[in-house]
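Values in this text are rule-based calculations from the coordinates and carry no lab data. Keep in mind the model is a prediction, meaning the values are calculated, not measured. Please note: Cβ atoms are built from the backbone with ideal geometry, for glycine as well, and neighbour counts cover all protein chains shown.
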Amino acid sequence: MAEKVIECRELTKQFGDFIAVNKISFDVMKGEIFGFLGANGAGKTTAMRILCGLSYPSSGTAAVAGFDVYKQQESIKRNIGYMSQKFSLYENLTVTENIEFFGGVYGLPMQEIRRRSNDLIRTLGLTAEAKKLVGALPLGWKQKLAFSVAIFHRPRIVFLDEPTGGVDPVTRRQFWDMIYEAAASGITIFVTTHYMDEAEYCNRVTVMVDGKVEALDTPARLKQQYQADNMDEVFYRLARGAKRSAD
Amino acid sequence: MKVLRFILRKEFRQIFRDKTILAMMFAMPTIQLIILPLAMNFDVKHVKVAVVDNDHSSYSRQLIAKVGASGYFRIVAAMPSVREAMQYIEREQADVVLEIPPAFEQQLIREGKQRIGVSVDAINGTKAALGGSYLVTVIGDFNRQITVNSTADPAAANTIAITFSNWYNPLAEYRFYIVPAILVLLLTLIGGFLTALNIVREKEAGTIEQINVTPIRKWEFILGKLIPFWVVGITVFTLGLAVAWGVYGIWPVGSFALLYTFAAAYLLAVLGFGLLVSTYTDNQLQAMFVAFFFMMIFMLMSGLFTAVESMPAWARAIAHCTPVTHFVKVVRMIVLKGSTFADVQYEFYILVFFALALNGWAILNYRKTS
């Protein structure tokens, strides 16, 4: 049995009368690529923010990397990486400066940062752009860079919130290659997405509808269960009953 | 500590990359200090007088000549009637109407007294009050001269002669009052606005969320924001002192060490204020609006331009609740009077209190987990 890196039981987040996340329970195993699907407003981002220690849950329990989401957020933060929906590197810093800053913030020594940073820039093919401001890079490159920065300190888990939004198909493909590579190195991937072809790339998939987990299994078994040809159909069958729409 | 170094390096890089802010850092102290003290001048000069001389005697002409020669007044018109002279005031072409009644000279010699009419446009209260009182002084002076000329009565000499001297600002020049105030203004603007906007901009860009998801400690983040702007503030203050010396010859009478100690504490207090604003607002527009609201009150009530002592009691109470009031007072005391720490220690403790309270509040209110 693989090690559980995320354990979530009856986790709930309520804003006034609105229950954004409604008693969700699931486990994520080490090294797994865990897909988190759902329509806009289904509660994906809210759930993810709780697991990242950015937001307090209203009730239920959850542990990330073995740390409690109520009390040990700072310990969680040392063990995870996070890439938000919004591009959030500093646009007025260069590629190298961004890498250096986020590496330093996680307590990596300067020598180590330099070494890894050089490797990373070479792998990404950004050698010519290393001294350019990040704001001047095309979106696809920015996203790849943001992902690389999120796993730069080699976290145990990385949370990706719609990482490929607005990115062209070729870059998306390259992006998923990077995700596979990270997963192969032992980093657990927790990813939300709208793209159902991407859902097929995941080891297991959760479908959230109106704040609840409606389905959780491997893409193959979900397709079998819902007698669908692809994940698109699975998602459509589950999500069409949704009452909420749009964020 | 190591993490803080990375944060500081990042903040300084961003500040030095922003050419507009960098330019403002130099332009603000120089331009404000050169322009404002010259423009904001409460010495009343060039009061425009419309004269109505109904007497046309040698006395009346002497009086008018004396008014014109005093240096404070400019005779803009000589009209035959008060009604016509008042039209000058209505058209804003005159500030004062001086009316000399018929038989002015005759009455003055025969009866020993005469009345003169002075009408003042009081829309600008300061100008009216000062202009009016200058005119009264000039007339009083004229009055004494004719007494000397016409009587040899020794009793008339038994008047109290008052001589006075202006301490610390011998020529009672307004710029000595206003230059220290502008130094304070500079620090207040930099501390209050730059920090608030800087952090809120991170909120807008979403980078603050990226920060909140890292193990950065709250104090590291906040010190990382405070230190760079503190350095900027001290630099601008130094530049301001240099301009004050170069342009106005104002060289602090008191000790530089004391002046900088106060500037350091005061900057911490206003930076804390900016930080606090940023924790309560979500975008730059809100932050700007909130900061501006408080800044206006601080500026106008702190004694930067008007004396706190002449405010009503309730306003004085408010004025004492802003750090600006205490700092302005101290800067004037140190720069112009050469006050020592013993004279201003009460203000020092107040500034330290503001610095601790505002920053403490901001740290409490800044949450990495909401």
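Values as computed for the structure displayed
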| quantity | calculated |
| --- | --- |
| Distance histogram for the protein assembly as shown (every C-alpha pair counted, 20 angstrom bins, percent rounded to whole numbers) | 16, 34, 24, 15, 9, 3, 0 |
| Proximal aspartates and glutamates relative to A:LYS144, as straight alpha-carbon distance under 17 Å, when same-chain residues fewer than 8 apart are discounted | A:GLU91, A:GLU97, A:GLU100, A:ASP119, A:GLU129, A:ASP161, A:GLU162, A:ASP168, A:ASP177, A:GLU181, A:GLU198 |
| Neighbour-limited loop hits for chymotrypsin sites (Phe, Trp or Tyr not before Pro), region B:17-63 (at most 13 other Cβ within 10 Å; DSSP other than H, G, I, E, B) | B:PHE42 |
| Bins of 10 Å, starting at 0 and running to the largest distance - Cα pair percent for chain A | 7, 31, 36, 20, 6, 0 |
| Size-normalised alpha-carbon gyration radius of region B:47-157, reference 2.2 N^0.38 Å | 1.09 |
| Within chain B, longest stretch clear of exposed trypsin sites (Lys or Arg not before Pro) (DSSP loop, no more than 13 other Cβ within 10 Å) | B:218-366 |
| Candidate lysines - alpha carbon under 23 Å from A:LYS223, same-chain residues fewer than 8 apart omitted | A:LYS44, A:LYS212 |
| Ranked by how many other beta carbons lie within 10 Å on average, peptides A:209-216, A:136-143 from highest | A:209-216, A:136-143 |
| Computed E for B:TYR168/B:TRP314 - FRET, C-beta separation, R0 30 angstrom, nearest 0.05 | 0.50 |
| Within region A:50-83, trypsin sites (Lys or Arg not before Pro) in DSSP loop having at most 13 other beta-carbon neighbours inside 10 Å | A:LYS71 |
| Shielding by partners, peptide A:77-84 (average Cβ within 10 angstrom, other chains) | 3 |
| Where Cα atoms sit under 23 Å apart: lysine pairs in chain B separated by 8 or more or lying on different chains | 23 |
| For residues of A:99-108, the mean tally of beta carbons on other chains within 10 Å | 5 |
| Burial order of peptide ranges B:306-312, A:120-126 (average beta-carbon count within 10 Å, highest first) | A:120-126, B:306-312 |
| Kirkwood-based Rg to Rh ratio, chain B, C-alpha trace | 1.15 |
| Ranking of A:HIS153, B:HIS320 by count of other Cβ atoms within 10 Å, fewest first | B:HIS320, A:HIS153 |
| Cα-based reach from A:LYS23 at 19 Å (exclusive), listing aspartates and glutamates while leaving out same-chain residues under 8 positions away | A:GLU7, A:GLU10, A:ASP68, A:ASP210, A:GLU214, A:ASP217 |
| Charge dipole (debye, nearest 20) of the protein assembly as shown; +1 at Cβ of Lys and Arg, -1 at Cβ of Asp and Glu | 1180 |
| Per-residue mean of C-beta atoms belonging to partner chains within 10 Å, peptide A:89-95 | 4 |
